[in-house]
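Student: Structure incoming, see below.
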Amino acid sequence: MATKKQGLVYQLKVTLCDIHPAIWRRLQVWDDTTLAQLHRILQVAVGWEDYHLHEFHIGSRTYGVPDPDDLSERPIIDERRQKLRTAVPQVGTSFEYVYDFGDNWRHELLLEAIVLPEPEQRYPRCLAGERSGPPEDAGGPLGYATYLEAIADSSHEEHEDMLAWRGPFDSESFSLAAINRRLQRRSH
């Protein structure tokens, strides 16, 4: 059964920047999803573990969790009070989600469509995607490339260390069913 009485559904394509071949997800979320909720959905969809800070860049605005001790001049709009339909009102709008400021994982989000919810469908949901998200703390796009090199080559000087760190890793794996199960568990 649909989990809401009314509303529209935002279809977003999420692509991890600076990674080749591309790691991406196509998600559908309610239009009244807050950016804080979208952060949690993205964590599940990409496979992140929510260990690090994050923020959204939409136009000239930055959204995140304001830190009262931050003395910088950079204004942060509270993501918990910002609904997606207000922050991103038009199809075709691209915006950015940055996760882990040290590794600097940048995700491009594109609002592909605004659609009516399907009867009996639960949201949020993942419609499609490719490849496993990088392991947490892999070192950003360059570190991830080195990590993949090391685990693929048994003669690489870091091969054993990388396997000991994370165990086996299949960068090509993607399970739509597993992502949707985790999304449903997190949304209840």
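Student: Output yes when any residue across the range 53-64 is surrounded by fewer than 15 Cβ atoms within 10 Å (Cβ to Cβ) and either under 25 Å from residue 121 (Cβ atoms) or polar (S, T, N, Q) (or both), and no when none is.
Tutor: yes
Student: Being in contact with a strand residue (DSSP E or B) (Cβ under 6 Å, 6 or more places away or on another chain), modelled with pLDDT of 95 or more and either outside any strand (DSSP E or B) or among the basic types (Lys, Arg) (or both) is the filter here, so list the residues in the range 1-21 that pass it.
Tutor: 8, 13, 17
Student: Say we look at the range 60-84 and pick out the residues that are within 15 Å of residue 39 (Cα to Cα) and of a type in the set (Lys, Arg); which of these is farthest from the chain's Cα centre (by Cα)?
Tutor: 81
Student: Taking the options 118, 108, 149, name whichever one is charged (D, E, K, R) and within 16 Å of the chain's Cα centre (by Cα).
Tutor: That would be 108, the only listed residue that is charged (D, E, K, R) and within 16 Å of the chain's Cα centre (by Cα).
Student: Here's something else I'd like to know. Looking only at the range 80-113, filter to residues that are of a type in the set (A, V, I, L, M, F, W, C) and surrounded by fewer than 16 Cβ atoms within 10 Å (Cβ to Cβ); which one of those is modelled with the lowest pLDDT?
Tutor: Applying the filter and picking the extreme gives 101.
Student: Sort out which residues of the range 52-76 are not aliphatic (A, V, I, L, M) and not in a loop (DSSP other than H, G, I, E, B), and write them in order of number.
Tutor: Within the range 52-76, 54, 55, 56, 57, 61, 62, 63, 64 meet the criteria.
Student: Would a scan of the range 114-127 turn up a residue that is over 15 Å from residue 27 (Cα atoms), in the same structural domain as residue 65 (by TED's automatic domain parsing) and touching a residue at least 24 places away in the same chain (Cβ under 8 Å)?
Tutor: Yes, the range 114-127 contains a residue that is over 15 Å from residue 27 (Cα atoms), in the same structural domain as residue 65 (by TED's automatic domain parsing) and touching a residue at least 24 places away in the same chain (Cβ under 8 Å).
Student: Condition first: part of a loop (DSSP other than H, G, I, E, B), surrounded by 15 or more Cβ atoms within 10 Å (Cβ to Cβ) and modelled with pLDDT of 95 or more. Now tell me which residues in the range 140-177 satisfy that.
Tutor: Residues satisfying the conditions are 171, 174.
Student: Starting from residues that are out of contact with any strand residue (DSSP E or B) (no Cβ under 9 Å at 6 or more places or on another chain) and either modelled with pLDDT under 95 or part of a loop (DSSP other than H, G, I, E, B) (or both), keep the ones in the range 22-49 and report whichever is surrounded by the most Cβ atoms within 10 Å (Cβ to Cβ).
Tutor: Ranking the candidates gives 47 first.
The values are calculated or read from the model by the stated rules, or taken from the named source; none is laboratory data. Quick caveat: nothing in here was measured; it's all calculated off a predicted structure. Cβ coordinates were reconstructed from backbone atoms using ideal geometry, including for glycine residues, and neighbour counts include every protein chain displayed.
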